[in-house]
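The values are calculated or read from the model by the stated rules, or taken from the named source; none is laboratory data. Worth saying up front: this structure is predicted, and the values here are computed from it rather than measured. Cβ placement follows ideal geometry from the backbone for every residue including glycine, while neighbour counts extend to all protein chains displayed. SASA here: full protein model, heavy atoms, side chains in, ligands and nucleic acids out. Shrake-Rupley method; radii C 1.70, N 1.55, O 1.52, S 1.80 Å.
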Amino acid sequence: MNREEKAQIIDNLAEQLQQFPHFYVTDASGLNAEQTAKLRKDCYEKNVKLIVVKNTLFVKALEKAEKAEEDLIGTLTGSTAIMFAETGNAPAKLIKDFRKNNPTPDAKPVLKSAYVEECVYLGNNTLEDLVNVKSREELIGDIVALLQSPAKNVISALQASAGGKVAGLVKALEEREN
């Protein structure tokens with residue numbers, strides 16, 4: 001591979017790092033052809049982009065995209081596949097489901113690290129934490145639901161049998177003013 005090809009790969013990876021807010025660094029080596037095809041299919045179905053990269057080129061792309069975290073770079077050893085995603089927990093759920101449905105002796109793919117919601121997660125033991133990470137949209141939905149809850153309670157109380165009492169009370173107050 002010549003310098004121009006390497007530069008183009010680095011540019012493409014840096015673009016991906018800018019386009020996708022979340023990425024996972026994994027090791028999928030040791031999967032047979034059938035399992036690898038299944039993993040790629042699962043990624044496609046879940047809108048996760050899977051790319052096998054050379055570690056040195058990915059480090060340069062991280063530096064170019066200004067996402068070069070020292071801890072993250074330390075995990076770039078051996079065979080590396082990157083999973084890019086729009087939703088922070090999608091690759092974690094995908095890896096967990098894949099392992100459950102395609103058991104391997106060494107639980108592949110192995111999570112080396114992840115960059116989710118501008119935080120770095122290190123090691124395979126953080127997979128369960130990443131599965132439970134809520135996306136920005138999910139958090140906003142939770143907040144909206146919490147804000148709507150008191151209003152819904154008031155409306156339902158007014159519409160229930162107490163509503164007749166409240167309407168009677170309002171009517172009595174109006175007559176009293178006259």
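Restricting the first member to segment 1-14 and to residues that are modelled with pLDDT under 90, and the second to residues that are surrounded by 13 or more Cβ atoms within 10 Å (Cβ to Cβ) and part of a helix (DSSP H, G or I), the beta-carbon pairs closer than 9 Å and six or more apart or on different chains are MET1/ILE9. Of the residues examined, LEU111 is one that is open to solvent by less than 20 Å² (accessible area, probe 1.4 Å) and within 12 Å of THR26 (Cα to Cα). Here THR77 fulfils each of the conditions (1) assigned to a strand (DSSP E or B); (2) over 15 Å from the mean Cα position of the chain (by Cα) apart from (1).
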